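Structure, as structure tokens:
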Amino acid sequence: ENKIYSFKIVIIGESSVGKSSLLLRFHKNQFSNKCEPTIGASHVQKTINTFDKQFQLLIWDTAGQEQYHSLAPMYYRGARGALVVYDQTVRESFNKAKKWVDELKTQVSQNVRIVLCANKSDLENKNVDIEEVKTYCEENEMLLFQTSAKTGENVHEAFMGLIKLLPNK
Ligand code: GTP
Ligand code: MG
């Protein structure tokens, strides 16, 4: 089958949780210790052949800094899927992730496919109980991946997990 599936997906979450770093890892297999905060948003286009299908992804990387929050709807509008990201060392970033999930469901669609990334899994000082997160994801029918943009752990898996959830019939 030659059909190309085009989807917009968005990466969202509090500032400095590692959204741009996850995208950089996925897109170029690179990591930088001094990744600058995103201004507004940026995007990459990526073609992926998987599950016997061709996917053309438009991936929007949003800015987490509070002053950009009002811009977010411009970037998540029309998105079919989202990677919502928090930093496992920052409790507040998980609370924020849950707020983003609520906002996506009310503002985009109840049907938007969401994968939660518990990022910075390489760091020791975890401040969020992963069991609580697992329960939350089960209750909200979301996939959970413990990722590290630094080591690359689960980054590909998280994006592929999201792609697999996208409607492709
Ligand atoms: P905004 O653009 O402001 O919303 O931030 P962001 O979510 O895009 O975060 P960014 O990717 O810029 O990463 C913030 C900082 O965390 C940078 O110094 C990264 O190097 C670091 N970082 C990102 N991911 C990881 C990770 O998995 N492990 C570790 N140890 N550091 C990470
Ligand atoms: Mg960024």
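Descriptive notes on the structure:
- Distant-in-sequence amide H partners of VAL10 (H built 1.01 Å from N, under 5 Å): TRP60, GLY81, ALA82, LEU83
- Close amide H pairs (under 5 Å, H built 1.01 Å from N) link HIS43 with ASP61, residues at least 5 positions away or on another chain.
- Excluding same-chain neighbours fewer than eight residues apart, the lysines reachable from LYS134 by a Cα-Cα span under 21 Å are LYS19, LYS96, LYS98, LYS99, LYS105, LYS120, LYS126, LYS164.
- Report summary: the helix-based calculation at 222 nm, which adds -39500 (n - 2.57) for every DSSP H run with n ≥ 4 and divides by the residues of the chain, gives -9500 deg cm²/dmol.
- Only the Cβ atoms of Lys and Arg (+1) and of Asp and Glu (-1) were treated as charged; on that basis the dipole of the stretch 28-169 about its Cα centre amounts to roughly 560 debye.
- Packing, as the average of other Cβ atoms within 10 Å across residues, places the peptides 8-17, 71-80 in the order 8-17, 71-80, highest first.
- Cα gyration tensor, the stretch 67-154 - rounded (a/c under 1.5), prolate or oblate: prolate
- Order of exposure, largest accessible area first, which applies to LEU57, LEU24 with probe 1.4 Å: LEU24, LEU57
- Considering only the stretch 1-136, percent of DSSP beta bridges that pair antiparallel, nearest 5: 35
- The chain, relative contact order [Cα under 8 Å, separation at least 6], %: 25
- Build a GNM of the chain with springs between Cα atoms under 10 Å apart, and of VAL85, VAL108, VAL44 the one that fluctuates most is VAL44.
- Å² per residue, accessible surface of the chain at 1.4 Å: 52
- Helix 91-107 axis, angle to the chain major axis (alpha carbon atoms, nearest 10°): 30
- Whole-percent carbon and sulfur share, accessible surface of the chain, 1.4 Å: 46
- Shape parameters for the stretch 1-81, alpha-carbon atoms, Rg then Dmax in Å: 13.7, 45
- Whole-number D in µm²/s for the chain (Stokes-Einstein; Kirkwood sum over Cα pairs; 25 °C, 0.890 mPa s): 155
The values are calculated or read from the model by the stated rules, or taken from the named source; none is laboratory data. Here the structure is a predicted model, which is why all the values come from computation and not from measurement. Reconstructed Cβ throughout: ideal geometry from the backbone, glycine too, with neighbour counts over all protein chains shown. The protein model used for the area step is the full one, side chains on, heavy atoms only, and it has no ligands, DNA or RNA in it. Shrake-Rupley method; radii C 1.70, N 1.55, O 1.52, S 1.80 Å.
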